[in-house]
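What follows is calculated from the coordinates using simple rules that are stated; it is not laboratory data. Every value quoted in this text rests on a predicted model; they were computed, and no experiment measured them. Backbone-built Cβ (ideal geometry, glycine too); neighbour counts: all protein chains shown.
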Amino acid sequence: MRRIFITVLSVVSLSFAAEVILREPPKSLSKYYPPSSNKMEFLSSMYAMSTAFTGIFTNIQENDWKNAEKWANVLRENYLNIGKMVPEFDKNLKKNEINALVEAVKSKDVEKVKFNAEAVGKSCSQCHQTYQVSTKILYHYPSFEIINMEDPVSRSNLEFHDYMKKTADSLKKMKVFLEDGKFEKAQKEGNDFVKRVKGISQSCNECHNNKLSVEIYQGKELEQNLNLLTKALQSKNKQEFYKALSWISTNNCSKCHNTHQTIAEIKEKFGK
């Protein structure tokens, strides 16, 4: 059974709620995306069709019907190829209309070109509305489920979620011990937290692999604030401690979570 993930977005100022329904795309589509394929042939076909639509109407406006016909054939070839690549999509293709579009361009009938192009374009839009977002989530965003990391505290290998949980636990215990006046334990958890925050870069390096991105997410400012946090714990200075922690939370943790966490959780709903 195809999974359907439904999110209800409530808008406080309005009297209704909107439903966003993300349908899992057909399984056969997966063969055209990593790890099955790095050629991105299905996506390339989508881009080819988009360019072909523009090519048709741009050349008609310039009264260049020869090149308009060329682009109409490019459009038809890629459009009909959708059903061959993903059989589940074949039944929704407007095959008569795509053929009629090419013939209309050949006969230089602008009104028929517009009429059939609208029918073909509508079939594209309907498919995009149903599957485009879920396809991007499934195949364009990295999967954190496959990441294993070495915990710098225990030196054990952990799955990504377990690593992040241990980092969060160190953070919370550090704050609890500090507020309870158990300063040695707060320092110990603080040291563990600092090591684990620095170790998160293990999961980032495959994508964030240039000097600028490394500096932004794991650079000097983070290092400085981690050092300030450690010193604040040693001197039992709560004000400086929370100042440093606030910077780390806002400029490091939150930015990464806001970029990756929601998409990762939706991927989990699809079981990916």
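Computed from the C-beta positions of LYS106 and HIS128, the FRET efficiency with R₀ = 41 Å rounds to 0.90. Translational diffusion of the stretch 4-139 was estimated from the Stokes-Einstein equation, with Rh taken as the Kirkwood radius over Cα pairs; at 25 °C and 0.890 mPa s the coefficient is 148 µm²/s. Label positions at GLU240 and ASP90, each projected 7 Å from the Cα along the C-beta direction, are separated by 7.1 nm.
Selection among SER170, THR259, SER235 by position relative to the dipole of the stretch 145-269 gives SER235 as farthest towards the positive end (Cβ unit charges, Cα centre).
Checking every one of the GluC sites (Glu not before Pro) in the stretch 17-123 against DSSP loop status and a limit of 15 other Cβ atoms within 10 Å picks out GLU62. Taking the three principal axes of the alpha carbon atoms in the stretch 145-269, the coordinate ranges are 41, 29, 26 Å, sorted in descending order.
Set the Förster distance to 22 Å, then compute FRET efficiency between LYS165 and LYS185 from the Cβ-Cβ distance, nearest 0.05. Working from the Cβ atoms, E equals 0.70. Rounded to the nearest Hz, the phi-derived 3J(HN,Hα) couplings of the stretch 218-228 under the Karplus curve 6.51 cos²θ - 1.76 cosθ + 1.60 (θ = phi - 60°) are 9, x, 5, 5, 4, 4, 4, 6, 5, 5, 5, where x marks glycine and proline.
Mind checking the stretch 178-266 for GluC sites (Glu not before Pro) that DSSP puts in a loop (not H, G, I, E or B) and that have at most 13 other Cβ atoms within 10 Å?
Numbers: sites: GLU179, GLU184, GLU189, GLU206, GLU215, GLU221, GLU223, GLU240, GLU265; in loops: GLU206.
Here the GluC sites (Glu not before Pro) that fit, given the DSSP loop and packing criteria, are GLU206.
Relative to the longest principal axis of the Cα atoms of the chain, the long axis of helix 41-61 lies at roughly 50 degrees. Entry note, the stretch 145-269: relative contact order of 19 percent, from Cα contacts under 8 Å with a spacing of 6+ residues.
When averaged across all projection directions, what area in nm² does the alpha-carbon convex hull of the chain cover? Mind showing how you got there, number by number?
Values: hull surface 84.6 nm².
Average projection, Cα convex hull of the chain: 21.2 nm².
Across the stretch 151-165, computed HN-Hα scalar couplings (Karplus, 6.51 cos²θ - 1.76 cosθ + 1.60, θ = phi - 60°) run 6, x, 8, 8, 6, 9, 7, 10, 5, 4, 4, 5, 4, 5, 5 Hz from first to last residue, x flagging Gly and Pro.
Compute the FRET efficiency between ASN81 and THR262 as 1/(1 + (r/R0)^6), taking r as their Cβ-Cβ distance and R0 = 25 Å, and round to the nearest 0.05. Before the final figure, lay out the partial values.
Details: r = 33 Å, r/R0 = 1.34.
According to the calculation, E is roughly 0.15.
A simple count of charges around ALA68, restricted to other residues whose Cβ falls under 14 Å of its Cβ and scoring Lys, Arg +1 and Asp, Glu -1, yields +2.
For every other residue with a beta carbon closer than 13 angstrom to the beta carbon of LYS238, add +1 if it is Lys or Arg and -1 if Asp or Glu, then tell me the sum. Net local charge, LYS238 excluded: +1.
Per-residue ellipticity at 222 nm computed for the chain from its helices equals -21500 deg cm²/dmol, with DSSP H segments shorter than 4 residues left out and the rest contributing -39,500 (n - 2.57).
Shown in residue order for the stretch 64-78 are the 3J(HN,Hα) couplings computed by the Karplus curve 6.51 cos²θ - 1.76 cosθ + 1.60 at θ = phi - 60°: 9, 6, 5, 6, 4, 5, 4, 5, 5, 5, 4, 4, 4, 4, 6 Hz (x for Gly and Pro).
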